[in-house]
Amino acid sequence: MPSRELRKVSPEHKEIVDKYLSEYPVKLGSLAREIGVSGIKVSSMRTGVSGQITNKNGRYIIRVNRNEARERQRFTIAHELAHYLLHRHVIDSLPDGITDNVLYRSGAPERIEYEANRLAAELVMPMELIEKKLSRDFSGVVTEVTIESLAASFEVSKAAMEIRLSTYAEV
Ligand SMILES: [Zn+2]
């Protein structure tokens with residue numbers, strides 16, 4: 001069942017997102033382009049900042065900190081894409097858009113960051129695909145090795161996959 005956040009995405013974007021969530025690792029760059037983000041830049045950003053999304057004259061640009069690990073950058077891109085999909089009004093209302101620190105806090109209300117993190121997890125770790133791979137390759141058994149292997153397949157950090165699987169276990 002799609003998450004609450006995914007259900008808030010406009011139908012037009014939802015169709016595109018669904019298409020990308022059908023294979024892993026999810027191609028975030030192509031997804032971004034197709035939903036109307038003009039560019040993703042790996043940039044020099046000050047320490048403590050993970051990412052940013054801005055609207056400059058109608059062009060949405062995502063920046064991620066070049067000093068962070070690639071898996072981390074992927075999650076950050078997904079987080080900024082989630083802001084784009086859910087919180088465009090917030091991005092548009094601020095001259096420098098939304099800037100997220102390493103804890104994915106931006107000064108925007110906590111609910112907004114919570115939503116962006118939930119949707120970001122969905123974008124880089126689609127549960128349906130995880131479940132499929134989990135049952136096909138690991139007989140549904142979650143171990144340290146399983147988590148590592150899934151993290152590698154989805155190109156996310158082991159910590160992110162661990163959190164994803166723990167929320168799954170609660171459902
Ligand atoms: Zn954020």
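The values are calculated or read from the model by the stated rules, or taken from the named source; none is laboratory data. Note that the structure is a prediction, hence the values are computed from the model and not measured. Positions of Cβ are generated from backbone atoms using ideal geometry, with glycine treated the same way; all protein chains shown enter the neighbour counts. Areas reflect the complete protein model, heavy atoms only, side chains present, ligands, DNA and RNA absent. Shrake-Rupley method; radii C 1.70, N 1.55, O 1.52, S 1.80 Å.
At a glance:
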quantity	calculated
Gln73 open to solvent by less than 70 Å² (accessible area, probe 1.4 Å), within 23 Å of Met125 (Cβ to Cβ), outside any loop (DSSP other than H, G, I, E, B) and more than 14 Å from the ligand (Cβ to nearest atom)	yes
All positions within region 48-59 that are touching a Gly at 6+ places or on another chain (Cβ under 7 Å) and more than 11 Å from the ligand (Cβ to nearest atom)	Thr54, Asn55
Residue in region 76-95 that is open to solvent by less than 30 Å² (accessible area, probe 1.4 Å), at pLDDT 95 or above, more than 20 Å from Gly36 (Cβ to Cβ) and within 15 Å of the ligand (Cβ to nearest atom) present	no
Entirely in region 1-69, the strands (runs of 3 or more DSSP E) that have 2 or more residues that are without any contact (Cβ under 8 Å) to a residue 24 or more places away in the chain and surrounded by 14 or more Cβ atoms within 10 Å (Cβ to Cβ)	59-65
